[in-house]
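Asker: Below are the structure tokens for one structure; questions will follow.
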Amino acid sequence: MEFQIKILLLSFVVSATLGIIIIPILRKLKVGQIERSDGPQSHLTKQGTPTMGGIILIITIAILTVFAYAYYVKDEIDVAKRLLPILLISAGFGLVGLVDDVKKLVFKNTDGLKPAYKMLGLLLISVAYVLYLVYFTDVGTDTYIPFFKTYINLGLPIYIIFNIAVILGTTNAVNLTDGVDGLATSVSTIIITCLTVIGIIYDVKEVAIFGSIVTGACLGFLIFNLNPAKVFMGDTGSLLLGGVIAGMAIYLKMPLLLIIIALIPVIETISVIMQVTYYKKTGNRIFKMAPLHHHFELSGWNENKVVSIFSIITLIVCIIGLNVI
């Protein structure tokens, strides 16, 4: 526990330091935010704000995970080795987002990475991670059922398909939540902290360590990402955090818990599905704008209120989640 606190604090310091160094570089490279003309008018002032800031998270998490690996490799080599797959799925998703951001912001290709290529990259990483857990770890194919506090064995084919779907759904949900200064970072940090606490409760040391690293990195990044944001994470950061959340939950055998503790990203996703489906059928809209956080903005909430209330809701559902495991 002492090491986890120290590495969280160290991760925070590294992330904050990298932010001071990297943000001016992004500004010089002119990799600025491109705002939708049909989005909330208040967001037009954000045009040009440095984005692709998720590289701060990737670098911090990679450095501190390697540090943790070196710390444990002598006395607890199993813990050290088990840190790597969670790092790889997270960094892999972040790199897919980075390619997308680079194409859009550096090469000025507004379409970014083609959706088919983007989905293929995410799918390949998801498949690799799930197959690794099945064949190279003792995680097994059991899945925890919240409230009932029991495990069921899904069987190999269903387990693989289900968890790949969870990973892809989670990354997409976190990506949709990223639309207000500090929102995706704040919500994700609370969810990751919850999963870290579960790792501590169940003595899954590698999850507790990795979660501490990511939490520290996110808190350091939030210094620059809260309203008014000096940097946005871009797809680099949102896909990375989605990978972290899904990877940790599946490693803990608790992907179903995400329905509870990741309620905000789930609702954000549902709001988009409802809006698109209803509009195609009727030509009308259910919400003023989707995802849901934009609806509340257009209803008069300022960004700080959206972030505060969505974060409070996430904290409440995470507390509920901790009580149903």
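Any read-out appearing in this document is the output of simple, stated calculations on the displayed coordinates, not a laboratory observation. Remember, predicted model here, so these are calculated numbers, not experimental data. Glycine gets a Cβ as well: all are built from the backbone with ideal geometry, and neighbour counts include every protein chain shown.
Asker: Tell me, which residue of segment 50-71 that is of a type in the set (Ser, Thr, Tyr) and surrounded by fewer than 20 Cβ atoms within 10 Å (Cβ to Cβ) is nearest to Ile167 (Cα to Cα)? Before the answer, list the steps.
Answerer: Keep residues of segment 50-71 that are of a type in the set (Ser, Thr, Tyr), which gives 51, 60, 65, 69, 71.
Still in the running and surrounded by fewer than 20 Cβ atoms within 10 Å (Cβ to Cβ): 69, 71.
Numbers: Tyr69: 25, Tyr71: 29 Å.
Ranking the candidates gives Tyr69 first.
Asker: Continuing with the same structure: Would you mind stating whether Lys149 is of a type in the set (Lys, Arg), out of contact with any His (no Cβ under 7 Å at 6 or more places or on another chain), loosely packed, with under 14 Cβ neighbours inside 10 Å and in contact (Cβ under 8 Å) with a residue 40 or more places away in the chain?
Answerer: In short, yes.
Asker: If you take just the helices (runs of 4 or more DSSP H) that sit entirely in segment 53-167, which of them hold at least 3 residues that are more than 19 Å from Ile7 (Cα to Cα) and more than 17 Å from the chain's Cα centre (by Cα)? Don't jump to the end; show me each part of the working.
Answerer: Values: elements: 54-72, 77-101, 115-136.
Counting at least 3 such residues, we get 115-136.
Asker: From the set of residues in segment 286-302 that are out of contact with any Leu (no Cβ under 8 Å at 6 or more places or on another chain) and assigned to a helix (DSSP H, G or I), which is surrounded by the fewest Cβ atoms within 10 Å (Cβ to Cβ)?
Answerer: Only one residue tops the list, namely Leu298.
Asker: For segment 201-210, name all the residues that are of a type in the set (A, V, I, L, M, F, W, C), in a helix (DSSP H, G or I) and over 12 Å from Ile325 (Cβ atoms).
Answerer: Across segment 201-210, the qualifying residues are Val207, Ala208, Ile209, Phe210.
Asker: Taking the condition of being crowded, with 18+ Cβ neighbours inside 10 Å and small (Gly, Ala, Ser), how many residues in segment 267-285 meet it?
Answerer: Final tally of qualifying residues: 1.
Each row is one residue, and each column tells you yes or no for (1) among the basic types (Lys, Arg); (2) surrounded by fewer than 19 Cβ atoms within 10 Å (Cβ to Cβ); (3) within 19 Å of Gly237 (Cα to Cα).
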{"residue": "Ile86", "(1), (2), (3)": "no, no, yes"}
{"residue": "Ile89", "(1), (2), (3)": "no, no, yes"}
{"residue": "Pro115", "(1), (2), (3)": "no, yes, yes"}
{"residue": "Thr137", "(1), (2), (3)": "no, yes, no"}
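Asker: Using the structure shown, decide if Leu241 is within 14 Å of the chain's Cα centre (by Cα), in a helix (DSSP H, G or I), under 23 Å from Ile23 (Cβ atoms) and not β-branched (Val, Ile, Thr).
Answerer: yes
Asker: So, in segment 303-325, exactly how many residues are hydroxyl-bearing (Ser, Thr, Tyr) and either closer than 21 Å to Pro255 by Cα or outside any helix (DSSP H, G or I) (or both)?
Answerer: So the answer is 2.
Asker: Ok, one more. Looking at (1) more than 25 Å from Phe12 (Cβ to Cβ); (2) in contact with a Cys (Cβ under 6 Å, 6 or more places away or on another chain), which one does Thr189 not meet, given that it meets all the others?
Answerer: Unmet for Thr189, out of (1) more than 25 Å from Phe12 (Cβ to Cβ); (2) in contact with a Cys (Cβ under 6 Å, 6 or more places away or on another chain): (1).
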